[in-house]
Amino acid sequence: MLSVDTPTLTNLITTCFNLSMDGRITDAQHGEFLVVGKRLRGCLVNLLSAQFNDGTQQVLDANQKLDQINQLAAQAAQSLTAATNVLSQLNTLVNVLDDLLKLASSFH
């Protein structure tokens, strides 16, 4: 069985919440990171117990995207000029994970 890379997702959520309180970014970006962090946390709670068939391409794609965006978010935390790009990528990831949740619920 295959599952979503929840440790990487957890790291990403933590980074979002940390950035949502970082005094070096704008108030609008604070709010966006907080909203995305909460949405990702909701995905995490639902995906913790989700199991998928080995080789499920959507899970492989989601895990790859998680890894990529987690690295971008870590870089953004160090170099805030990348924050806007990371927010865009995070919103894309939330959509990918939401679609994955729809797939998970179809297995029941």
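The values are calculated or read from the model by the stated rules, or taken from the named source; none is laboratory data. Since the structure is predicted, the reported quantities are computational estimates derived from the model, not experimental observations. Positions of Cβ are backbone-derived with ideal geometry, glycine not excepted, and every protein chain shown enters the neighbour counts.
With respect to Ser79, is the statement that it is of a type in the set (S, T, N, Q), free of Cβ contacts under 8 Å to residues at least 12 places away in the same chain, out of contact with any Asp or Glu (no Cβ under 6 Å at 6 or more places or on another chain) and closer than 20 Å to Leu2 by Cβ true?
Values: of a type in the set (S, T, N, Q): yes; free of Cβ contacts under 8 Å to residues at least 12 places away in the same chain: yes; out of contact with any Asp or Glu (no Cβ under 6 Å at 6 or more places or on another chain): yes; closer than 20 Å to Leu2 by Cβ: no.
Judged against the criteria, Ser79 is not a match.
Pairs linking a residue in the range 15-40 that is within 22 Å of Gln68 (Cα to Cα) and without any contact (Cβ under 8 Å) to a residue 40 or more places away in the chain to a residue that is of a type outside the set (Gly, Ala, Ser) and in a helix (DSSP H, G or I), with Cβ atoms under 6 Å and 6 or more positions apart or on different chains, are Ser20/His30; Ser20/Phe33; Ser20/Leu34; Gly37/Ile13; Gly37/Cys16; Gly37/Phe17. Just one of (1) touching a strand residue (DSSP E or B) at 6+ places or on another chain (Cβ under 9 Å); (2) buried (at least 17 other Cβ atoms within 10 Å of the Cβ); (3) at pLDDT below 90 fails for Leu72. It is (1). With respect to being without any contact (Cβ under 8 Å) to a residue 24 or more places away in the chain and not hydrophobic (A, V, I, L, M, F, W, C), Gln58 falls outside the description.
Gly31 falls short on exactly one of the conditions (1) touching a Lys or Arg at 6+ places or on another chain (Cβ under 7 Å); (2) modelled with pLDDT of 90 or more, and that condition is (1).
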